[in-house]
1. Restricting attention to the range 255-306, report how many residues are under 21 Å from residue 149 (Cβ atoms), modelled with pLDDT of 70 or more and open to solvent by less than 40 Å² (accessible area, probe 1.4 Å).
2. Just a yes or no: is a residue in the range 83-101 within 22 Å of residue 52 (Cα to Cα), modelled with pLDDT of 90 or more, open to solvent by 80 Å² or more (accessible area, probe 1.4 Å) and out of contact with any His (no Cβ under 7 Å at 6 or more places or on another chain)?
3. Does the range 144-159 contain any residue that is closer than 20 Å to residue 194 by Cα and out of contact with any His (no Cβ under 8 Å at 6 or more places or on another chain)?
4. Output the helices (runs of 4 or more DSSP H) that fall wholly within the range 1-79 and possess 1 or more residues being modelled with pLDDT of 75 or more, or say none.
5. Any chance you could count how many residues in the range 109-146 are of a type in the set (Val, Ile, Thr), at pLDDT 85 or above and open to solvent by 40 Å² or more (accessible area, probe 1.4 Å)?
6. Can we say residue 153 is modelled with pLDDT of 85 or more, in contact with a Phe, Trp or Tyr (Cβ under 9 Å, 6 or more places away or on another chain) and in a helix (DSSP H, G or I)?
7. Has the range 197-204 got any residue that is among the small types (Gly, Ala, Ser), open to solvent by 40 Å² or more (accessible area, probe 1.4 Å) and part of a loop (DSSP other than H, G, I, E, B)?
8. From the list 148, 166, 136, exactly one residue is without any contact (Cβ under 8 Å) to a residue 60 or more places away in the chain and either over 17 Å from the mean Cα position of the chain (by Cα) or not in a helix (DSSP H, G or I) (or both). Which is it?
Amino acid sequence: MWPELFSQAQDITVTEGGTRRLWMNVDAVSEEAIASNRDMPLWLFAKLRQVRATMKSEVDAVVITRLLIEEALAGMRSKERTTGYRPLTAGELNENLDSDYLKILQIKYKANPIKVTALYNKMLDEWKYDDVKDYVSNFKPYTGVTDVIRSKVQSDPQFAQNVYIVSERRTDDIRPVLRISNLSIEHSHVLGRDPDDFFQGDIADDIVNISEQNPDSEVIYVDGNAETLMKLHQDDRFKNIDLKFASWGHSTPSLESKLLRDTDIQTLSPLQLKGFLQGEALPERLGDKSVIETIPAELLGLDSEE
């Protein structure tokens, strides 16, 4: 959308881009994913992953990308003029990029949500058509999570029939990832946006419909976005739906703290997932924190383009 601006991003270093090397964690990304993003400088690729929790839509991703580049270029010009300006860190962005600010960025950059989403969908469709394996390689499974779910689905047909996936993504974008990950979820149980739907779907309505269609069953909804869970927790329709927070998902530390402080939602860690799927109860919360298992070093910093 802004080729001249993006060409300037190629010459920005990790330090100039405000991407802390300690946080880059590129080892958590497959070589295929990095290779398929070869036109994107590594500093930008890493920083976008760090602020993933702030992106609620395709247009968010686009305007945040431009903001990161402009911040880095401004920092470089400031260095030449010794004004002391530096790019915002990922942590600062995560704490301040709310929906109102993102709308301001849309206006500032003249990023029409419908046009941006249409272009985004068109590029995804071309990508899947040209090389679906390359497309899927960008969705790195969470370590220790996908294998557990796959094993449970394959070994327990009854469980497999009761699993649903609800998403704000298009259904057609989700299914190739499930297929290549060998996750056999019933076709009608994958609920997302229609191919030509330019607006985010309402996952709350989908979850409530699932509950109403299964009145004799306990419905458990697991999500890695603390902000989404807090909104659902305030919805009267969710009084009889058990909400769980997946600690491996995309959320900011402040939102996770707020969820623990203001709700009774339990936290589910990767190490607890297998037992949880077998019916084991999660530890009781103590005070304003949930008792979770210690996660080994190799599982820390889990992230994904999923």
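The values are calculated or read from the model by the stated rules, or taken from the named source; none is laboratory data. All figures in this text were calculated on a predicted structure; none of them were measured in a lab. All Cβ positions, glycine included, derive from the backbone under ideal geometry; neighbour counts span all protein chains shown. All accessible areas refer to the heavy atoms of the entire protein, side chains included, with ligands and DNA or RNA removed. Shrake-Rupley method; radii C 1.70, N 1.55, O 1.52, S 1.80 Å.
1. 12
2. Yes: the range 83-101 contains one or more residues that are within 22 Å of residue 52 (Cα to Cα), modelled with pLDDT of 90 or more, open to solvent by 80 Å² or more (accessible area, probe 1.4 Å) and out of contact with any His (no Cβ under 7 Å at 6 or more places or on another chain).
3. Looking for residues that are closer than 20 Å to residue 194 by Cα and out of contact with any His (no Cβ under 8 Å at 6 or more places or on another chain), one finds none in the range 144-159, hence no.
4. Because the criterion is at least 1 residues that are modelled with pLDDT of 75 or more, the helices (runs of 4 or more DSSP H) in the range 1-79 that meet it are 3-9, 42-50.
5. So the answer is 2.
6. yes
7. no
8. Testing whether each residue is without any contact (Cβ under 8 Å) to a residue 60 or more places away in the chain and either over 17 Å from the mean Cα position of the chain (by Cα) or not in a helix (DSSP H, G or I) (or both) leaves just 166.
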